[in-house]
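> Questions regarding the structure given below will be posed in turn.
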């Protein structure tokens with residue numbers, strides 16, 4: 001029938017379209033909630049399955065430790081050795097009762113069962129029908145038609161006397177205990193030739209179908225989402241664990257939302273008949289947004305907030321959907337966090353390490369993987385218990401917070417210790433960092449009622465040098481950890497011990513940090529001869545390192561290591577203090593010499609370096625013109641602007657500046673002219689064969705002339721003979737330095753040399 005009024009047509013059309021749109025929203029949201037509920041149940045079951053396996057393994061480790069305590073008892077070993085069966089039976093029974101085992105068995109060295117005891121004290125022969133290893137510490141067994149978790153320990157005194165096995169029933173009590181920890185319904189079923197021998201379950205209904213061939217896949221059956229784990233499958237015997245997550249509990253949280261959604265939809269339909277004209281133009285966009293949000297939630301995307309600036313039913317619907325989104329997101333975040341973090345320390349677990357290691361290798365970035373473990377963990381566990389050891393681990397984590405660089409990943413894996421991922425680090429830098437970390441972990445700390453210092457060892461492996469497979473790198477780093485030993489070798493690098501030179505480099509990088517503390521550093525001074533007057537008015541201070549075990553270490557070796565590992569700033573600080581102390585002594589004794597010393601590019605990069613120099617000069621009450629700082633041209637050219645700022649600040653203090661090793665870098669005299677330096681030091685490679693090499697002579701002569709034209713004083717180092725010294729003097733070189741004049745000398749020897757050679761070079 002054709003409608004006569006357009007208003008009626010618009011109202012009915014709007015109401016009809018609104019009904020269709022709201023129905024579609026209702027259907028999408030309803031479907032999305034079901035999908036989300038099922039996905040949440042699947043995630044709950046997956047996480048619960050992992051927790052179930054980990055709990056059984058943890059139970060096995062605890063029971064193995066308890067069994068090993070029994071076999072370590074001297075009285076028990078003596079009873080086994082002498083064949084004292086009553087004593088053995090009593091000890092087994094006591095241990096069974098103490099640790100809550102159901103059966104205990106003693107086998108002799110030939111594997112023949114000698115004694116079997118149960119918790120109630122009855123001793124009777126037992127029939128071990130099937131046996132299959134479950135983990136490194138435990139096996140699953142069928143004994144007298146019942147399933148057990150079996151742990152074993154060898155009795156040695158010191159030869160093998162026999163073997164003790166403790167059996168723990170996979171019964172209803174264990175199922176209920178695991179149910180509390182996993183939140184899942186659990187059933188243990190043992191069978192022989194597909195005939196059920198025993199079944200223990202936390203479920204009121206035991207009629208759920210169990211498909212042992214599902215291979216751990218999830219199946220939905222009678223309101224449960226289930227999965228089956230085969231604990232034992234040997235010959236005709238099977239032990240299966242069925243884990244079930246009730247769908248009703250998950251779906252119940254969405255029922256209220258569905259009812260409210262239905263009510264809101266009906267109210268919206270009723271209101272649309274009264275406000276059809278107004279709503280026809282304003283409902284399309286909000287409803288579309290809600291439909292899009294519901295679809296996004298159904299896909300598992302909970303990032304976008306669902307919000308409508310309305311005070312009507314659609315606004316309320318948006319709030320409820322957003323509340324649903326927030327609730328689901330929080331639960332999924334919690335599940336994800338628990339899956340990726342260790343519950344004891346709160347640190348990422350080994351899964352996160354594998355993932356980031358995989359990403360780093362794929363991106364082409366190199367780095368170092370370290371594993372640190374507590375050397376005395378087993379002793380502490382036996383002496384003080386698991387709670388004390390856990391408290392020590394937590395305090396150790398707190399002690400290293402804020403010590404590691406921001407880009408380092410610190411993780412914890414029970415049984416393995418700390419895992420430290422250092423992306424972009426060279427091995428030498430990592431050794432220094434890990435050594436500091438071990439020192440921090442080894443500091444004395446208060447744990448419960450005692451103070452103790454713990455010993456930690458570390459193993460290191462680098463990628464891509466040692467491999468590109470995360471699993472292989474984790475295996476290699478554990479091997480490296482086994483090579484570590486207390487003391488000087490507490491850090492071991494995978495396979496690096498085969499290369500003595502490489503091992504020496506690692507040790508020097510680590511020991512360099514402690515050289516000032518152990519008084520292994522010293523300063524020598526090499527005279528600089530003023531060629532015009534023939535007098536020595538300046539000396540160069542040079543650092544020497546005599547290692548307590550390795551002997552004298554050359555500057556070319558340890559200065560390069562200091563630059564690479566970041567220890568150069570510490571060496572500069574020590575050198576400056578030593579030089580200023582000697583200057584103060586010379587001034588007090590009437591000896592007035594300007595002392596030159598080298599600084600590095602890292603020193604110039606430090607904006608606080610000039611102020612630190614000023615404070616040290618002021619503390620010793622020494623005029624800045626007694627000091628000259630030499631910096632290589634390569635260091636200046638590394639960051640010209642920053643170097644210029646630092647050099648200007650040093651020059652404003654009155655400190656003389658010189659460019660060292662000129663001619664070995666890439667700078668030009670025009671570039672150096674912009675620097676506030678007074679001296680130019682020609683590299684010794686051009687001076688050593690000066691009298692015999694015409695090419696070197698041309699370079700040195702040109703450099704002297706150009707430097708003088710720019711107002712710079714020229715210093716030539718590497719003078720090895722009188723001909724070179726005479727040649728430089730004829731070309732008006734200002735200052736000469738080298739072994740022909742004098743080798744570097746300790747301060748006292750330098751004073752005697754100056755007294756003996758005064759006037760010799762005039």
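> Have a look at 629, 617, 604 and point out the one that is buried (at least 21 other Cβ atoms within 10 Å of the Cβ) and assigned to a helix (DSSP H, G or I).
Values: 629 fails: assigned to a helix (DSSP H, G or I); 617 fails: buried (at least 21 other Cβ atoms within 10 Å of the Cβ).
Every option except 604 fails the conditions.
> Name the residue that is modelled with the lowest pLDDT, counting only residues in region 653-665 that are under 19 Å from residue 716 (Cα atoms) and part of a loop (DSSP other than H, G, I, E, B).
Selected residue: 665.
> Do you know which of the residues in region 666-681 that are at pLDDT 85 or above and surrounded by fewer than 15 Cβ atoms within 10 Å (Cβ to Cβ) is nearest to residue 605 (Cα to Cα)?
Restricting to residues being at pLDDT 85 or above and surrounded by fewer than 15 Cβ atoms within 10 Å (Cβ to Cβ), the top hit is 676.
> Listed residues 537, 504, 519; which is assigned to a strand (DSSP E or B) and either more than 22 Å from residue 627 (Cβ to Cβ) or without any contact (Cβ under 8 Å) to a residue 60 or more places away in the chain (or both)?
On the way: 504 fails: assigned to a strand (DSSP E or B); 519 fails: assigned to a strand (DSSP E or B).
Of the residues listed, the single one that is assigned to a strand (DSSP E or B) and either more than 22 Å from residue 627 (Cβ to Cβ) or without any contact (Cβ under 8 Å) to a residue 60 or more places away in the chain (or both) is 537.
> Would you check which residues across region 470-495 are in contact (Cβ under 8 Å) with a residue 12 or more places away in the chain, touching a helix residue (DSSP H, G or I) at 6+ places or on another chain (Cβ under 9 Å) and farther than 18 Å from residue 412 by Cβ and list them? Explain how you work it out, then say what you get.
Taking region 470-495 as the starting set, the residues that turn out to be in contact (Cβ under 8 Å) with a residue 12 or more places away in the chain are 470-471, 473-474, 476-486, 488, 490-495.
Filter once more, keeping what is touching a helix residue (DSSP H, G or I) at 6+ places or on another chain (Cβ under 9 Å): 470-471, 473-474, 480, 483, 488, 490-495.
If the condition is that a residue be in contact (Cβ under 8 Å) with a residue 12 or more places away in the chain, touching a helix residue (DSSP H, G or I) at 6+ places or on another chain (Cβ under 9 Å) and farther than 18 Å from residue 412 by Cβ, then 471, 480, 483, 488, 490, 491, 492, 493, 494, 495 are the ones that fit.
> Among what's in region 714-762 and is in a strand (DSSP E or B) and within 23 Å of residue 663 (Cβ to Cβ), pick the residue that is nearest to the chain's Cα centre (by Cα). Lay out the reasoning, then the answer.
Residues of region 714-762 that are in a strand (DSSP E or B), as a first pass: 714-717, 735-737, 745.
The next check asks that each one be within 23 Å of residue 663 (Cβ to Cβ); those that pass are 714-717, 735-737.
Numbers: 714: 51, 715: 49, 716: 49, 717: 47, 735: 53, 736: 52, 737: 49 Å.
Checked region 714-762; the qualifying residue nearest to the chain's Cα centre (by Cα) is 717.
> Something else now. Give the residue that is modelled with the highest pLDDT, with candidates limited to residues of region 144-164 that are part of a strand (DSSP E or B) and out of contact with any helix residue (DSSP H, G or I) (no Cβ under 8 Å at 6 or more places or on another chain). Even if it seems obvious, please write down each step before you answer.
Taking region 144-164 first, the residues part of a strand (DSSP E or B) are 146-156, 160-164.
Still in the list and also out of contact with any helix residue (DSSP H, G or I) (no Cβ under 8 Å at 6 or more places or on another chain): 146-148, 150, 160, 163.
Numbers: 146: 87, 147: 91, 148: 88, 150: 87, 160: 81, 163: 84.
Among residues in region 144-164 that are part of a strand (DSSP E or B) and out of contact with any helix residue (DSSP H, G or I) (no Cβ under 8 Å at 6 or more places or on another chain), the one modelled with the highest pLDDT is 147.
> On the given criteria, is residue 377 in the same structural domain as residue 354 (by TED's automatic domain parsing), surrounded by 12 or more Cβ atoms within 10 Å (Cβ to Cβ) and either in contact with a strand residue (DSSP E or B) (Cβ under 6 Å, 6 or more places away or on another chain) or under 30 Å from residue 426 (Cβ atoms) (or both)?
Numbers: in the same structural domain as residue 354 (by TED's automatic domain parsing): yes; surrounded by 12 or more Cβ atoms within 10 Å (Cβ to Cβ): yes; either in contact with a strand residue (DSSP E or B) (Cβ under 6 Å, 6 or more places away or on another chain) or under 30 Å from residue 426 (Cβ atoms) (or both): no.
For residue 377, the condition - in the same structural domain as residue 354 (by TED's automatic domain parsing), surrounded by 12 or more Cβ atoms within 10 Å (Cβ to Cβ) and either in contact with a strand residue (DSSP E or B) (Cβ under 6 Å, 6 or more places away or on another chain) or under 30 Å from residue 426 (Cβ atoms) (or both) - is not met.
> Now for a different question. Which of the residues spanning region 522-534 are touching a helix residue (DSSP H, G or I) at 6+ places or on another chain (Cβ under 9 Å) and either modelled with pLDDT of 95 or more or not in a loop (DSSP other than H, G, I, E, B) (or both)? Walk me through how you get there before you give the answer.
Of region 522-534, the ones touching a helix residue (DSSP H, G or I) at 6+ places or on another chain (Cβ under 9 Å) are 522-527, 529, 531-532.
Within region 522-534, 522, 523, 524, 525, 526, 527, 529 qualify.
> Let me ask you something else. Taking region 417-451 only, how many residues are out of contact with any helix residue (DSSP H, G or I) (no Cβ under 7 Å at 6 or more places or on another chain), under 14 Å from residue 370 (Cα atoms) and surrounded by fewer than 17 Cβ atoms within 10 Å (Cβ to Cβ)?
2
> Sticking with this one: If residue 648 satisfies every condition in (1) in contact with a strand residue (DSSP E or B) (Cβ under 9 Å, 6 or more places away or on another chain); (2) under 28 Å from residue 530 (Cα atoms); (3) in a helix (DSSP H, G or I) but one, which is the exception?
Single failed check for residue 648: (1).
> Quick test for you: out of 542, 561, pick the one residue that is touching a residue at least 24 places away in the same chain (Cβ under 8 Å) and part of a strand (DSSP E or B).
Residue meeting the stated conditions: 542.
> Further question: Yes or no: residue 677 without any contact (Cβ under 8 Å) to a residue 40 or more places away in the chain, in contact with a strand residue (DSSP E or B) (Cβ under 7 Å, 6 or more places away or on another chain) and closer than 28 Å to residue 738 by Cα? Talk me through it step by step, then tell me what you get.
Numbers: without any contact (Cβ under 8 Å) to a residue 40 or more places away in the chain: yes; in contact with a strand residue (DSSP E or B) (Cβ under 7 Å, 6 or more places away or on another chain): yes; closer than 28 Å to residue 738 by Cα: yes.
Yes; evaluated as a whole, the condition is true for this residue.
The values are calculated or read from the model by the stated rules, or taken from the named source; none is laboratory data. This structure is a prediction, so every number in the text was calculated from the model and none was measured. As a convention, Cβ positions derive from the backbone with ideal geometry for all residues, glycine included, and neighbour counts pool all protein chains shown.
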